[in-house]
């Protein structure tokens, strides 16, 4: 590591300043780099060749600068990539899931970038896999290709599948005949991905993106007809709501799901009557969320209605789902957050988070008896995948920890027997005794205890010599699980401690943990992360100046905020697709995600208080003349979630205002969006780049 250094004789690009003044609520702001936002951004998402020449030239200059400063890590990147690839079983496959006469699963071939979806006879689960969709074949000749998934029809005759070949998340939907394995003529453009069949299999429901990249309309497509003749089923007039469409396990209903980050409304259409008008289950009420799970003659409703902050489970007759008919099945228990619900003929299951850790609850629908599936490790991750089938006593779940590879189990809800189906194979080898995991509770600025999950070399000592990669997110109530991550082992094997800060803004400690890190309390998220960094240094988990912080998307906003607040707490910053121009984005209601995001951040267009609150922490607006550590920002040109110009502007302003000699790098993927490069190995190359930056920072 000692041979790595940032060259100071390479000149960084300097973005032109073209001042644009904006006055809101009597407050004037000047944005010198607003010109980096392409006026034709909607067109760029579909065709990058129409990007303004000045903007393209600047992005290419930034890429060249980053490449020059990272040139001495080329061998390191190759080594990291090789290690990470070596931990992937290249010809891996999922455990096939039963459904009627068949089982369905996915697999990869050696050297393959994309998944293949297969079908196998149920009574011959180890028999020949019939490949029904080959992702590598579909990706041939495309610079970018991402499958949104594939779903078979209930009669096993057809397959709905969709793909994005630009990174802009406009998905093309196709239908494949499972007998001939040929795609039908039906081709639906600009969809949100996925669809739901009517009961007869003669047509399907799907949602379509509008010009501002919002899924605002649900259509019904009758097979064999052109998309132009599709029937509009529902149009959402409020740009502040997301919308999706799907089916139920019993295939009896189509559900139109309308929601923002705090309010939901569901509409039902009988699957055997696609022409029926959608029926509202419960009209939207601000702050009230609910979801439906069909359970035969009843609906099960997961909701926070009536002050159930951590959610409760209700039921209603299947033909009378309105809120007046809801009755309680599982009461609200403060501090035990119910995350999801699945219903089967004889059982009701749900995934909950109790005392900061996940567990699976199972109720016998006849007796009402409840038991739990739990584990003994201090920090772990659970996933409940359930079953395609309704009349079954068997569910499937996955388990892992930061040191334990993922395991897949079938669980009999009657006998309570667990059957291990698969353990994640690490071809290059994984010796669990080489690693140690810990879980800390770090006091924040106001006394709140922030959970921190760590994995480190077994022999690591808290002697103030360890470099640390500290990961965080902290928004939208998303919980970052303490799961097995083969990639980070490349850092741990080089002496790093890999840590996850479960900061406020997520639901790691219940719904209140989320509420205490959004809107007016958003700065708790940043303060939590800074306090974790300072604690790790003070308690000698980390060497002084050797904490490299990493976050993506809203976690990238976290990176921008904490480096403004406490640049001395970090040795380096990795901000991937970072949401750093928060105020400008929340003021631009033409952008895809702005109106739906107002419940999370506030609406600065209508509220002066929201404007002032966002302005107080928005990373781009708070860049100051101070000594920043090295910063790496990564973005995607066709990203519809965090537009490319956010990190581009942020980097330009950082370079202009900062003191000191630490470099600021911007790497823009010119042919990808929010998720980075497509394909499992191409993505590893990007991770290797970020990790090489972290190692280089730690070597300074």
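Worth pointing out:
- Output for the range 493-539, where each listed residue is in a strand (DSSP E or B) and farther than 30 Å from residue 81 by Cα: 504, 506, 508, 510
- Condition met for residue 190 (under 25 Å from residue 596 (Cα atoms), in contact with a strand residue (DSSP E or B) (Cβ under 7 Å, 6 or more places away or on another chain) and part of a strand (DSSP E or B)): yes
- With respect to the conditions (1) crowded, with 24+ Cβ neighbours inside 10 Å; (2) part of a helix (DSSP H, G or I), residue 542 falls short on a single one, namely (2).
- Qualifying residue in the range 670-683 (condition: modelled with pLDDT of 95 or more, at negative phi and in contact with a helix residue (DSSP H, G or I) (Cβ under 8 Å, 6 or more places away or on another chain)): no
- Residues located in the range 438-457, provided they are free of Cβ contacts under 8 Å to residues at least 24 places away in the same chain and part of a strand (DSSP E or B): 441, 449
- Within the range 165-176, tally of residues that are without any contact (Cβ under 8 Å) to a residue 40 or more places away in the chain and touching a strand residue (DSSP E or B) at 6+ places or on another chain (Cβ under 6 Å): 4
- Meeting the requirement of 1 or more residues that are under 28 Å from residue 269 (Cα atoms), the strands (runs of 3 or more DSSP E) wholly within the range 316-418 are 327-330, 336-343, 347-354, 381-386, 394-400.
- Note on the range 601-637: among residues that are in a strand (DSSP E or B) and either in contact with a helix residue (DSSP H, G or I) (Cβ under 6 Å, 6 or more places away or on another chain) or modelled with pLDDT of 95 or more (or both), the one that is surrounded by the fewest Cβ atoms within 10 Å (Cβ to Cβ) is 627.
- Sole residue being touching a residue at least 12 places away in the same chain (Cβ under 8 Å) and either closer than 20 Å to residue 173 by Cα or touching a helix residue (DSSP H, G or I) at 6+ places or on another chain (Cβ under 6 Å) (or both), chosen from 238, 260, 272: 260
- Tally, over the range 419-429, of residues that are assigned to a loop (DSSP other than H, G, I, E, B) and either free of Cβ contacts under 8 Å to residues at least 12 places away in the same chain or more than 30 Å from residue 457 (Cβ to Cβ) (or both): 1
- As for the range 109-118, it holds no residue that is within 22 Å of the chain's Cα centre (by Cα), within 24 Å of residue 384 (Cα to Cα) and surrounded by fewer than 20 Cβ atoms within 10 Å (Cβ to Cβ).
The values are calculated or read from the model by the stated rules, or taken from the named source; none is laboratory data. Treat the numbers as computed from the prediction; the structure is a model and nothing was measured. Methodologically, a virtual Cβ is constructed for each residue, glycine included, from the backbone with ideal geometry; neighbour enumeration extends over all protein chains shown.
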